[in-house]
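Inspection log for the structure reproduced underneath, given as C-alpha cells.
Readers should treat all values here as calculations from the given coordinates under stated rules, not as data from a laboratory. For clarity, every value in this text was computed on a predicted model and none was experimentally measured. Methodologically, a virtual Cβ is constructed for each residue, glycine included, from the backbone with ideal geometry; neighbour enumeration extends over all protein chains shown.
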Amino acid sequence: MEPVAARILIVDDHLGARITIRELLGWHSFQVCGDAKDGKEAIEKVTELKPDIVLLDINMPVMNGVQAAHDIRRISPQTKIVFLTIHNAPAVSHALRVWAHGFVPKSAAGTDLIPVLKGLAGVSPDGPIKSRRAATD
C-alpha cells in the first residue's frame, strides 16, 4: 500500500500513546508529519508542518487540548481536528464538537479512528486519500 497524502499531526502527552497511534496510522498508510507532547508544542508544529489533520488529546500539561484546538482553529482554520481521548461520555463528545471535526475515544481507536480519518480526508473506506494541501501548495 502506498502512503496516503493526508498529513497528520499526533498530539498526546504520553510517548507510548504517540508511538502506538503512529504505528496504527502507518499500518493503514497514513502520512504522519510529526507529533507533539502538549498543546503549546502542537500549535508550534501546526504552524511549522501545516498538517491536514491534528489528532488531539484533551488532558495534557502546559496547554490542554481544548485550549490548543481553539488556537489551532484560529491560526489554521483549514486544519481538521479530531479529539482522541480517554473521555468517552456523550456529554463530553457533544461539548467538544464546536472545536473539532471528530471525536474518538481512545478505547475505540482500533476500530473507529481510521474510518473517521478517511471520512475527513473525503475518501471511501477503501479508497486512496489525497491531501487538500497538494492542490494548494
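Annotation note: of Ile43, Ile72, Ile10, the sole residue that is in contact with a Phe, Trp or Tyr (Cβ under 9 Å, 6 or more places away or on another chain) and of a type in the set (Val, Ile, Thr) is Ile72.
If you go through segment 21-65 and pick out every residue that is of a type in the set (Ser, Thr, Tyr) and under 19 Å from Lys118 (Cβ atoms), you end up with 1.
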